[in-house]
Amino acid sequence: MSVPNCSRFLVECITCCPDKQPGLREDEVYGLYLSWCFLNGEEPIASASLWIAMRRQTRVEPYVRGGQLVWPGLSMTGPAALDYILSSQPSLV
């Protein structure tokens, strides 16, 4: 994925509200990213490359909680968020 496409993913799918959001786990971010790629016909990049782009563009530094990276203050938004939530929680359908 090119940098402009990564920027587009972050603009369309991630919001930052440090005072109101506990954050997103790495599996949630990558699942959201995969949903966005599917909906937009993009080829996914490796998670490590996504983390590098996120650090650069969000200026958020993740921390480890329970063995997983957590991106504090970030939350999901947009159609890819809905797709990810419905596909990861089939009992909601």
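We did not get these values from a lab; they are worked out from the coordinates using the rules stated. Computed from a predicted model, the values in this text were never measured in an experiment. FYI the Cβ positions are ideal-geometry reconstructions off the backbone, even for glycines, and counts take in every protein chain you see.
Can you give the charge dipole size of the chain about its Cα centre, rounded to the nearest 20 debye, using +1 on the beta carbon of Lys and Arg and -1 on the beta carbon of Asp and Glu? List each step's numbers first, then the result.
Working: 7 positive and 9 negative charges, 58 e Å.
Its charge dipole is roughly 280 debye.
Can you list which of the trypsin sites (Lys or Arg not before Pro) found in segment 39-93 are DSSP loop residues with at most 15 other C-beta atoms within 10 Å? Mind showing how you got there, number by number?
Numbers: sites: R55, R56, R59, R65; in loops: R59.
Passing sites in segment 39-93 are R59.
Which of [x] 39, 31, 21; [y] 80, 30, 20; [z] 33, 30, 23 is the computed Cα extents along the principal axes in Å for the structure on display?
Given [x] 39, 31, 21; [y] 80, 30, 20; [z] 33, 30, 23, the structure-derived one carries the label [z].
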